[in-house]
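Q: Below are the structure tokens for one structure; questions will follow.
The values are calculated or read from the model by the stated rules, or taken from the named source; none is laboratory data. Values in this document were obtained by computation on a predicted structure and should not be read as measured data. Counting neighbours? That spans all protein chains shown, and the Cβs are built from the backbone with ideal geometry, glycine included. SASA here: full protein model, heavy atoms, side chains in, ligands and nucleic acids out. Shrake-Rupley method; radii C 1.70, N 1.55, O 1.52, S 1.80 Å.
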Amino acid sequence: MTTDIIEVNNFIVLIEQSNSDKEFVQRCEIDGDAVGFAFYGSGNVELEIKHNDQTKYLTNTTGLAISFFGNQKVGFAHKIAPEKPLQSISIFAKLKTIQNLPQTEKEIFEKQLPELVNPNSHFVKGPTLFMTLEMQLAVQKVFNTTYTGNTRLLFLKSQVNELLAHYFALLSSEKKTDLTEKDKEKLFQAKDIVSTNYSKPPTITELSKLIGLNSSKLKKNFKDLFGIPVYKFIHEERLNKAYELLCNSEKTVQETAWDVGYESLSSFSNAFQKKFGSRPNEVKKQFFSNKS
């Protein structure tokens, strides 16, 4: 388990990742009254919460964003599942820090999370949301960046602010949606399926059968929940995976294109540049020059 700790606007941020072949438990405590957020880019974590002789369990998995209030009287234990690489970003804001924010920012916390800003217990569970594509991309960029030193710190701060902004925007829109929790679970299952099979994805008809949701409802509700059509999501997944392969493997640009489902190298290169602003070979060169 590796943990990177930074401070952003007096918020404490933990950037954690692990890849173990055995289950392990990590325990932690909060120093004082704080509102916490956690964004799970990948992995499967069972969170055990103990306070006032009570024990609660929350299961957090890939794509979830959670919020909560806790203090020093609460004990947290993360049981991390084996062979499921964990990537998570946790943000902690002391209540005193929130009160000292500029009025417009303080009002966001007070209006969107009143139960956390004015807690009635040592631990209060806030909203749990499925992350939008923009939130997932922000998490991925944190773990994929090749920046170092002060440039990396500046970049991480920008991504943390982006995650919080997306969370509050999603929380506001969630109050207006008519999707049931059961439908959300099915749509999230669909996202997991196409995320795993991005190079050879199922058709809409096949996907609808796999999750038990009719095709028209799948297409409409997928876009409503994640803000993007199914096949556009697959397109984004292919390019994100390609970026990861270029930075973290020995594969050539051509091999990377094939791996993520592109038959035409020129089509891959053009799509990659449109999304990331650089050609694949430029990213490959930059990454290896930073390593040397």
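Q: Using a 1.4 Å probe and ignoring any ligands, DNA or RNA, find the accessible area of residue 108 and quote it in Å² to the nearest 10.
A: For residue 108, the solvent-accessible surface is approximately 70 Å².
Q: In the Gaussian network model of the chain, springs joining C-alpha atoms below 10 Å, which of 124, 160, 13 carries the largest mean-square fluctuation?
A: Most flexible of the set in this elastic network: 124.
Q: Please give the helix 149-174 orientation as an angle from the longest Cα principal axis of the chain, in degrees from 0 to 90, rounded to the nearest 10.
A: 80 degrees
Q: At a probe size of 1.4 Å, how large is the accessible area of residue 231, to the nearest 10 Å²?
A: 110 Å²
Q: Relative contact order for the chain: what is it in percent, counting Cα pairs under 8 Å that are at least 6 residues apart?
A: 14 percent
Q: Mind ranking 48, 29, 244 by accessible surface for me, highest first, 1.4 Å probe?
A: Putting 48, 29, 244 in descending order of accessible area: 29, 244, 48.
Q: Just add up the charged neighbours of residue 34: K/R +1, D/E -1, any other residue whose Cβ is under 13 Å from the Cβ of residue 34.
A: Neighbour charge sum, excluding residue 34 itself: 0.
Q: Say we join alpha carbon atoms closer than 10 Å with springs in a Gaussian network model of the chain; which of 257, 271, 190 then has the biggest fluctuation?
A: With Cα springs under 10 Å in the chain, the top fluctuation among 257, 271, 190 is at 271.
Q: What number do you get for the stretch 204-279 when its Cα radius of gyration is normalised by 2.2 N^0.38 Å, N = residues?
A: Here the answer is 1.30, to two decimals.
Q: For the chain, how big is the tail of P(r) above 28 Å, as a whole percent of Cα pairs?
A: 43 percent
Q: With every protein chain present, what accessible area does residue 104 have (1.4 Å probe, heavy atoms only), rounded to the nearest 10 Å²?
A: About 100 Å², rounded to the nearest 10.
Q: According to the square roots a ≥ b ≥ c of the eigenvalues of the Cα gyration tensor, what is the shape class of the stretch 41-174, taking rounded for a/c under 1.5, prolate for a/b larger than b/c otherwise, and oblate for the remainder?
A: oblate
Q: Counting Lys and Arg as +1 and Asp and Glu as -1, what is the net charge of the other residues whose Cβ lies under 13 Å from the Cβ of residue 117?
A: -1
Q: If you fit an axis through the alpha-carbon atoms of helix 280-291 and take the longest principal axis of the Cα set of the chain, what angle between them do you get, 0 to 90°, nearest 10?
A: On a 0 to 90 degree scale, this one is about 60.
Q: Can I ask one more? With the chain treated as a Gaussian network of Cα nodes joined by springs under 10 Å, which of 97, 256, 132 yields the largest mean-square fluctuation?
A: Largest GNM mean-square fluctuation: 97.
Q: Could you look at the chain and say what percent of its accessible area is carbon and sulfur, using a 1.4 Å probe and all protein chains?
A: Roughly 48 percent of what the probe reaches on the chain is carbon or sulfur.
Q: Next up: For the stretch 87-156, what does the alpha-carbon gyration tensor say about shape, rounded, prolate or oblate, given a ≥ b ≥ c as the root eigenvalues, a/c under 1.5 as rounded, and a/b over b/c as prolate?
A: Here the stretch 87-156 falls in the prolate category.
Q: Ok, one more. Mind checking the angle between helix 103-112 and the chain's longest principal axis? C-alpha axes, 0 to 90 degrees, to the nearest 10.
A: The angle comes out at about 90 degrees.
Q: I've got another one for you. At a Cα cut-off below 23 Å, give the lysines reachable from residue 284, other chains included and same-chain residues fewer than 8 away excluded.
A: Those lysines meeting the cut-off are 141, 241, 251, 274, 275.
Q: Which sequence of 33, 4, 183 reflects their accessible areas, 1.4 Å probe, from the largest down?
A: Reading off the accessible areas and sorting them downward yields 33, 4, 183.
Q: Less than 15 Å apart at the alpha-carbon level, and either on another chain or at least 8 residues along: which aspartates and glutamates does that give for residue 111?
A: Partners found: 174.
Q: Let me ask something else about it. Shape verdict for the stretch 122-232, please, from the Cα gyration tensor: rounded (a/c under 1.5), prolate (a/b greater than b/c) or oblate.
A: Verdict is oblate for the stretch 122-232.
Q: Same structure again: Counting only heavy atoms of protein chains, what accessible area per residue, in Å², does the stretch 193-279 have with a probe of 1.4 Å?
A: That works out to 53 Å² for each residue.
Q: Sticking with this structure for a sec: A 25 angstrom limit on the alpha carbon distance is what I want to check against. Which of 200/220; 182/223; 125/186; 157/191; 94/184; 56/184 exceed it?
A: The answer is 157/191; 94/184.
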